[in-house]
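*Asks:* Just dropping this structure here.
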Amino acid sequence: MAPSQSRPGRQLTLNLFIYPGGHHEAGWRYPGSTPERLLDISFYQDLARSAEAAKLDAVFFADGPAQVDNIRYASRFRIEPLTWLSAIAATTTHIGLIGTASTTYYEPYNLARLYASLDHLSGGRAGWNIVTTAVPQASGNFGLAETPSHAERYARAAEFVDVVTKLWDSWEDGALIADPASGEFADDAKIHPIEHVGRHFRVKGALNTPRSPQGRPVYVQAGSSDDGRSFAARYAEAIFTAHQTLDSAQAFYADIKRQAEGLGRNPDHVKILPGISPYIGSTQAEAQHLFEAFNDLIQPEYSLTQLKQITGVDFSGHPLNAAVPLDAFANVGPAKQVASRFQLVVDIVRREQPTLRQLIDRLAGARGHYVVVGTPEKIADEIQLWFEGGAADGFNVMPPWFRGGFDLFASEVVPILRKRGLFRHDYTGKTLREHYGLPRPESLYATRARASA
C-alpha cells in the first residue's frame, strides 16, 4: 500500500485540546485569561462553538481519576469529561467530542453505556481516549494498595477494549424496530449476550443500549511506549502523541503505520496526531516576546515537581543556571525508562545540553509536546512540513492560554492552511468518523452470522 501521506486531496485533522487554564503551566496567570470561568460550562461551550465555526474535527478533554501534586501553583484539577461533553453536545451540531476514560479504573459495561449514550446524545460525535493511568495517586482512590504494573495495565486494557467492542456490537443494526403497527419493538435475534469470560472480566451482556450512530465511538489512544505502540496499532483509530523533532515524529508515524498494516488494518484508518502548542505573533520577535512572557510567569517549584514526575529525578537542589547532567538519568528505575515522556526529556538534554531553567521553560510550554514560536505563516509551514513529510495526519492543537491562544490560531493559521488546500472549508459529514474519514464498522455479530449462513 502506498504511504498514506501521498494520497491526493488528503486533508489535515485538527482537534482542539481543552486543558483548564491553557497548556502552558502558567497560562491561567497570563493577562486576558479567565481563571474565574474554569468551572463555568458556558466557557467551554463557547470554545467548542468557536472550534466548530473553524470547522475543526473535535474537541478533546484529558482526564485522570486523582488529584495530582502541586495544585498550589497550577490549574491541575480535572472535570469529568463525559458530563462536560454532554453539555457541549447540546450546544453544537458537528464538532467531535473526545473524552478520556481509564481501563484501569472503569468497568467495561459501565464505560460502554456512557460512551454509547454520548454517541446517541450527540448524533454520532463521540470518541473514547483510551488510557491505562500510571499516576500513583489514583490507586488509593479505588482500594488498591499500589498501581498495577505497566505490563498488567496493558494486558487489562486489551481485554477491556475487546469487551467494550463486543458490548457496542451486541445490538446489531436493525435490532431496534419500534413498529406500532406490528407491535414489534425489537428483533431479539439481533441482540446478543456476549458471554465474555477472561482473565480480568466476566461480562454476560448484552448492552442495554441500542447500537449507537457511529456503530462504535472512535477509538483514540495516547501512549508511545513499546506496549503503547503495539496497543495503538491493534486498536486505535486516532493516536495522540508527543514529539520534539520531525525525525522522531516520522519514525513513530512509520512504525505505527507499518504495525497496523501488518495486523491487516488499513493504515489510513489510523490517524497520527501529535500535539502542537503555537505561540503566535505578527512578527518572529513578537512571538518570541509572547513565549518569554509566559515563561516569566513560571513557578520553578511547580516546574521541578513536574520534571520529577516525568523523569523520576529530583533537581530541586540543582542551580537553575547550570547545565542538566545527562548522567542524572542513568539510575532511574526501569518503569520510568520505558516511558515515552522520560525518553523525550533525555533526548532534549542529550541533543541541546540545556540549563535546568531552559529545560523547565521548554517543558512548561506544553508538557513535552511540540512548541512552535512564530508568525502564522511559520506555524502553518511547520504543520504542512510534518503533514506532508510523513510525520502526522494532523494535530492536537494545544493553545498556551484560553481564549486568546485558540482565537489567534483559528483566525490567523487556519485560513492559511485552508488557502493551501490542506484543511476543509466546511464539514462534509456530521459524525466524528466522517470527519476523520473512518468507516462505520459492522457489528461483529452480524459479520459472524453472514459468514455462517
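*Asks:* Within a Cβ distance under 15 Å of Asp119, other residues only, what is the Lys/Arg minus Asp/Glu net charge?
*Replies:* Spelling it out: positives minus negatives among the neighbours equals +3.
*Asks:* Another question about this same structure. Taking H placed 1.01 Å from N in the peptide plane, check which residues at least 5 places from His243 or on another chain put their amide H under 5 Å from its amide H.
*Replies:* Gly275, Tyr370
*Asks:* Could you compute how fast the range 172-273 diffuses translationally, taking Rh as the Kirkwood radius over C-alpha pairs and applying Stokes-Einstein at 10 °C with viscosity 1.306 mPa s? Give it in µm² per second.
*Replies:* 96
*Asks:* Right, something else. Enumerate the calculated ³J(HN,Hα) couplings along the range 253-258 in order (Karplus 6.51 cos²θ - 1.76 cosθ + 1.60, θ = phi - 60°), each rounded to whole Hz, writing x wherever the residue is Gly or Pro.
*Replies:* Once rounded to whole Hz, the list reads 4, 5, 5, 5, 4, 5.
*Asks:* Would you be so kind as to identify which of His23, Tyr73, Leu38 lies farthest towards the positive end of the dipole of the range 1-116, taking Lys and Arg as +1 and Asp and Glu as -1 on Cβ and the Cα centre as origin?
*Replies:* His23
*Asks:* Based on the Cα coordinates of the chain, what is the per residue volume of their convex hull in Å³?
*Replies:* Details: hull volume 71.4 nm³, N = 453.
In the chain, the Cα convex hull volume per residue is 158 Å³.
*Asks:* A further question follows. Quick one: net charge of Ala260's neighbours, Cβ under 13 Å, K/R +1, D/E -1?
*Replies:* Working: positive: Arg229, Arg234, Lys257, Arg258, Arg265, Lys271; negative: Glu237, Asp255, Glu261, Asp268, Asp393.
Summing Lys/Arg as +1 and Asp/Glu as -1 gives +1.
*Asks:* Right, next: Convert each backbone phi in the range 40-51 into a coupling constant with the Karplus relation 6.51 cos²θ - 1.76 cosθ + 1.60 (shift: θ = phi - 60°), then list the ³J(HN,Hα) values in order as whole Hz, x for Gly and Pro.
*Replies:* 9, 4, 5, 4, 6, 4, 4, 4, 5, 5, 5, 5
*Asks:* So what are the ³J(HN,Hα) numbers for the range 417-428, from phi and the Karplus equation (6.51, -1.76, 1.60; θ = phi - 60°), rounded to whole Hz, Gly and Pro as x?
*Replies:* Per residue, the Karplus-derived 3J(HN,Hα) values read 4, 5, 4, 7, x, 9, 9, 4, 8, 7, 5, 10 Hz.
*Asks:* Exactly which trypsin sites (Lys or Arg not before Pro) in the range 107-200 are in a DSSP loop and have at most 16 other Cβ atoms within 10 Å?
*Replies:* Arg199
*Asks:* Using alpha-carbon pairs under 8 Å, 6+ residues apart, how would you state the relative contact order of the chain in percent?
*Replies:* So the answer I get is 23 percent.
*Asks:* Can you tell me the orientation of helix 108-122 relative to the chain, as the angle in degrees between its alpha-carbon axis and the longest Cα principal axis, to the nearest 10?
*Replies:* On a 0 to 90 degree scale, this one is about 90.
*Asks:* Could you work out the local net charge near Glu146, counting Lys and Arg as +1, Asp and Glu as -1, over the other residues with Cβ closer than 15 Å to its Cβ?
*Replies:* Residues close to Glu146 contribute a combined charge of +1.
*Asks:* A further question on this structure: Considering the range 107-155, what Rg and Dmax in Å follow from its alpha-carbon atoms?
*Replies:* When restricted to Cα atoms, the range 107-155 yields Rg and Dmax of 14.1, 41 Å.
*Asks:* Still on this model: What fraction of the DSSP beta bridges in the chain is antiparallel, stated in percent and rounded to the nearest 5?
*Replies:* Taking every DSSP beta bridge within the chain, about 15 percent pair in antiparallel fashion.
*Asks:* Taking 8 Å as the Cα distance limit and 6 or more residues as the minimum spacing, I'd like the relative contact order of the range 1-123 as a percentage.
*Replies:* 26
*Asks:* Test of understanding: express the Cα radius of gyration of the range 217-311 as a ratio to 2.2 N^0.38 Å, with N the residue count. List each step's numbers first, then the result.
*Replies:* On the way: Rg = 17.5 Å, N = 95, 2.2 N^0.38 = 12.4 Å.
Normalised Cα radius of gyration, the range 217-311: 1.41.
*Asks:* To continue, here is another question. Using just the helices of the chain, give the 222 nm mean residue ellipticity in deg cm²/dmol: DSSP H runs with n ≥ 4 each add -39,500 (n - 2.57), and the total is spread over all residues, rounded to 500.
*Replies:* Calculated mean residue ellipticity at 222 nm is -11500 deg cm²/dmol.
*Asks:* Let me ask something else. Per 5 Å bin, what is the whole-percent P(r) computed from every C-alpha pair distance within the range 99-188?
*Replies:* The distribution over the range 99-188 is 3, 12, 19, 19, 15, 11, 8, 5, 4, 2, 2, 0, given as percents.
*Asks:* When the Debye formula is applied to the Cα atoms of the range 39-174, each taken as the same point scatterer, what base-10 log of I(q)/I(0) results at q = 0.13, 0.18, 0.20 Å⁻¹?
*Replies:* Reported log10 I(q)/I(0), two decimals: -0.64, -1.09, -1.21.
*Asks:* Output the Cα-based Rg and Dmax of the range 326-439 in Å, rounding Rg to one decimal and Dmax to a whole number.
*Replies:* Gyration radius and largest Cα-Cα distance of the range 326-439: 17.9, 52 Å.
Taken together, the values in this text are just the output of simple stated rules run on the coordinates, not laboratory data. These numbers were taken from a predicted model, which means no experiment stands behind them. No Cβ is skipped: glycine too gets one built from the backbone with ideal geometry, and neighbour counts run over all protein chains shown.
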